[in-house]
Amino acid sequence: MFQKFKNRIILEAILKAETALYIGAGQDSYTPLAVQGCIIKNAYGMPYIPGSSIKGILRSFLESVVENCCEHGKCNEGLKKLKNRKDKIAELEKKPENEGKNGDALLAGYIMKKSCIACRLFGSNVMAGKIKIADASLNSLNTWISTEYRTGNAIDRDTHTAASKALFDTETIPAGTEFCFRMIAENLTIDEAECIGKIMNYFAEQTGSPEKFRGFYYSQEVDDVLENSRKIATELNISATPVIIINGKRIDGFNPALIDRAIANFK
């Protein structure tokens, strides 16, 4: 999406379920005694919240508070097909000001300009977003939990009463369960960073102690750490990551062979 690293925002938090939580696994069991509404779990049998689910919620919120956002990531819908993208690259390469420039880079720039802020941050049918959200696993304090099972009855849509012989079970995560949230946003423009700020302010208002919440990311201590990091990067002429320095020798990028050689020489 971009050729040069400019900035990065990392947001980590603990998400606590205020009520019982259900995140369906998207599949039914054909075993008569099995629970029909199972929650999604990882390979170790522990529940988690998919990063895509959190991303969808944040995108919906952003679309509700920011004007001129498209619906369901339909920016550049015409470039969804590969043939259309190739035709657009050919069109862009013919322009005199684009002579000698990389076709894929030209297409990426064109898509970014034609995309709304929600698509730039969260992605669309034709490009990945600048925001990445990891699956929210259980907090270390809640490594093992017991899920709950609730019995319900389907409703007859015609009579609006309980349907006959339509009992079903649903597995839920108990209230109070905590999950680890991690979001990374890279190469944001000023307006995109402001949108992240709106999301943060919304979370702050939900906590009941908005000023205390804001203090975690709008604080002099954080500003001092960032300024010190910028100074070190400037002194070492570092403008992108990763950069590894071993015994005064600089290694740009992650190159295992060079790293092993530098460590061996250091020993």
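Computed quantities for the displayed model
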| item | result |
| --- | --- |
| Matching option when the condition is assigned to a loop (DSSP other than H, G, I, E, B), touching a residue at least 12 places away in the same chain (Cβ under 8 Å) and of a type outside the set (K, R), among G208, G176 | G176 |
| Hits in segment 37-51 - residues which are in contact (Cβ under 8 Å) with a residue 60 or more places away in the chain and either in contact with a Ser or Thr (Cβ under 6 Å, 6 or more places away or on another chain) or not aliphatic (A, V, I, L, M) (or both) | G37, C38, N42, P47, Y48, P50, G51 |
| Qualifying residue in segment 200-216 (condition: among the charged types (D, E, K, R), assigned by TED's automatic domain parsing to the domain that holds K41 and closer than 23 Å to N7 by Cα) | yes |
| Residue in segment 103-119 that is within 20 Å of I196 (Cβ to Cβ), touching a Gly at 6+ places or on another chain (Cβ under 7 Å) and surrounded by 15 or more Cβ atoms within 10 Å (Cβ to Cβ) present | yes |
| Matching residues in segment 157-198 - criterion: being within 30 Å of G129 (Cβ to Cβ), surrounded by fewer than 18 Cβ atoms within 10 Å (Cβ to Cβ) and among the β-branched types (V, I, T) | I184, T189, I190 |
| Any hit, segment 257-264, residues being at negative phi, in the same structural domain as A13 (by TED's automatic domain parsing) and in contact (Cβ under 8 Å) with a residue 12 or more places away in the chain | no |
| I184 vs. criteria within 27 Å of S115 (Cα to Cα), within 18 Å of the chain's Cα centre (by Cα) and assigned to a helix (DSSP H, G or I) | no |
| Test for L106: is it among the aliphatic types (A, V, I, L, M) and over 22 Å from I23 (Cβ atoms) | yes |
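The values are calculated or read from the model by the stated rules, or taken from the named source; none is laboratory data. All values reported here derive from a predicted model rather than from experimental measurement. For neighbour counting, all protein chains shown are included, and Cβ atoms are generated from backbone atoms with ideal geometry for every residue, glycine included.
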